Amino acid sequence: MRSKCASHCGGCGRHFAGDTAFDAHRRGKNGNRYCADPQDVNLVLKRTDGTCDLFGPPQVGAHIWQTPPGDRTLPGRAALAS
Ligand SMILES: [Zn+2]
Ligand SMILES: [Zn+2]
């Protein structure tokens, strides 16, 4: 079963497994938002052979990022949100 991009970032063009992972890579306050490197915000690569049809022509070989399995706390994110 191929994984599909569920939450596409138009800012950096990365692909995410869901809104939680997408939100985790968006940093900064309203009006000054930017994309962080997924590795810097504790995201992990779910697939490197995913598909994406959310943005432009369908892509294959999409790298899809997800939150770490079993880790829903995302300590890095919590620290930055406080
Ligand atoms: Zn982005
Ligand atoms: Zn995508």
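What follows draws every value from the coordinates through simple rules; no lab data is involved. From a predicted model like this one, the values you see are computed outputs, not experimental measurements. A quick note on method: Cβ atoms are made from the backbone with ideal geometry, for glycine too, and the neighbour counts reach across all protein chains shown.
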Review point. For the pair GLN39 and PHE55, how long in nm is the line joining their label points, each one 7 Å along Cα→Cβ?
Key: 1.9 nm
Check your understanding: Dipole of the range 7-73, Cα-centred, from +1 at each Lys and Arg C-beta and -1 at each Asp and Glu C-beta, to the nearest 20 debye?
Key -> 200 debye
Review point. Which residues' amide hydrogens lie under 5 Å from the amide hydrogen of ARG14, considering only partners 5 or more residues apart or on another chain, with H built in the peptide plane?
Key: CYS9
Review point. How large is ³J(HN,Hα), in whole Hz, for each residue of the range 26-32 in order, when computed from phi with the Karplus curve 6.51 cos²θ - 1.76 cosθ + 1.60 and θ = phi - 60°, using x for Gly and Pro?
Key: 8, 10, x, 8, 3, x, 9
Point to revise | Computed label-point distance, nm, for sites ASN32 and LYS4 using a 7 Å Cα→Cβ extension | key: 3.8 nm
Point to revise | At most 10 other Cβ within 10 Å, DSSP loop - trypsin sites (Lys or Arg not before Pro), the range 1-66 | key: ARG2, LYS29, ARG33
